Amino acid sequence: MPLSYCLRYDTLDAMRVAFDTDVVVAAMRSRTGASHALLEQLRLGHMEAVASVAMMLEYEEVLTRPEHREATGMTREEVGVFLDGLAALLRPVFPYFLWRPLLRDPDDEMVLDAAVNGQAEAIVTFNVPDYLPAARQFHLEVLTLAEALQRLRRR
């Protein structure tokens, strides 16, 4: 087990979340928004984020779309480096049970699965209604980016 992994997750009071794909897209596209601020808090160890292999593949598929690469000026390789850096910060989740179908968008199901199996306390997304009321069944909060940042400031 890499040392960074051991050091990264020994904080008992860190907020543990799952990021919807839209959060990761926004963070890659802008260094000034709330999404980037959340990834910076993740990098600093002030929060934990969980992700499954399916989520990482979804992040890759969406981030390498021409419209996102064009907006950022990034090559496919540079997107890969961004994703490698993100993956190094995420707590891996191996969903042993899939809770599907509960959501309108099948691509959101993997986020819910990772959040439940990874014992996250919240899903962070721009699309809060997409995850409600399914997340409530698992006592998961669904937070906007501003709400997640406010929660971090209060800890």
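The values are calculated or read from the model by the stated rules, or taken from the named source; none is laboratory data. None of these values were measured; they are calculated from a predicted model. Neighbour counts run over all protein chains shown; Cβ positions are idealised from the backbone, glycine included. Ligands, DNA and RNA are excluded from the accessible area calculation, which covers all protein heavy atoms including side chains. Shrake-Rupley method; radii C 1.70, N 1.55, O 1.52, S 1.80 Å.
Restricting segment 81-112 to residues that are without any contact (Cβ under 8 Å) to a residue 12 or more places away in the chain and of a type outside the set (Asp, Glu), which is nearest to residue 42 (Cα to Cα)?
Of segment 81-112, the ones without any contact (Cβ under 8 Å) to a residue 12 or more places away in the chain are 81, 84-85, 101, 106, 109.
Those still in the list that are of a type outside the set (Asp, Glu) too: 81, 85, 101, 106.
On the way: 81: 17, 85: 11, 101: 29, 106: 26 Å.
Per the stated criteria, the residue is 85.
Across segment 23-73, what is the number of residues that are among the β-branched types (Val, Ile, Thr) and in a helix (DSSP H, G or I)?
Initial filter on segment 23-73 (among the β-branched types (Val, Ile, Thr)): 23-25, 32, 50, 53, 62, 64, 72.
Restricting the remaining residues to those that are in a helix (DSSP H, G or I) gives 23-25, 53, 62, 72.
The total comes to 6.
Kindly indicate which of 142, 124, 50 is open to solvent by less than 70 Å² (accessible area, probe 1.4 Å), closer than 14 Å to residue 25 by Cα and touching a helix residue (DSSP H, G or I) at 6+ places or on another chain (Cβ under 7 Å).
Values: 142 fails: closer than 14 Å to residue 25 by Cα; 50 fails: closer than 14 Å to residue 25 by Cα.
Going through 142, 124, 50 in turn, just one is open to solvent by less than 70 Å² (accessible area, probe 1.4 Å), closer than 14 Å to residue 25 by Cα and touching a helix residue (DSSP H, G or I) at 6+ places or on another chain (Cβ under 7 Å): 124.
For segment 81-114, which positions are of a type in the set (A, V, I, L, M), open to solvent by less than 10 Å² (accessible area, probe 1.4 Å) and touching a Phe, Trp or Tyr at 6+ places or on another chain (Cβ under 7 Å)?
Answer for segment 81-114, where residues must be of a type in the set (A, V, I, L, M), open to solvent by less than 10 Å² (accessible area, probe 1.4 Å) and touching a Phe, Trp or Tyr at 6+ places or on another chain (Cβ under 7 Å): just 112.
Please verify whether segment 54-74 includes one or more residues that are in contact with a Phe, Trp or Tyr (Cβ under 6 Å, 6 or more places away or on another chain) and open to solvent by less than 70 Å² (accessible area, probe 1.4 Å). Break it down stepwise before answering.
Filtering segment 54-74 down to residues in contact with a Phe, Trp or Tyr (Cβ under 6 Å, 6 or more places away or on another chain) leaves none.
Checking segment 54-74: not a single residue is in contact with a Phe, Trp or Tyr (Cβ under 6 Å, 6 or more places away or on another chain) and open to solvent by less than 70 Å² (accessible area, probe 1.4 Å).
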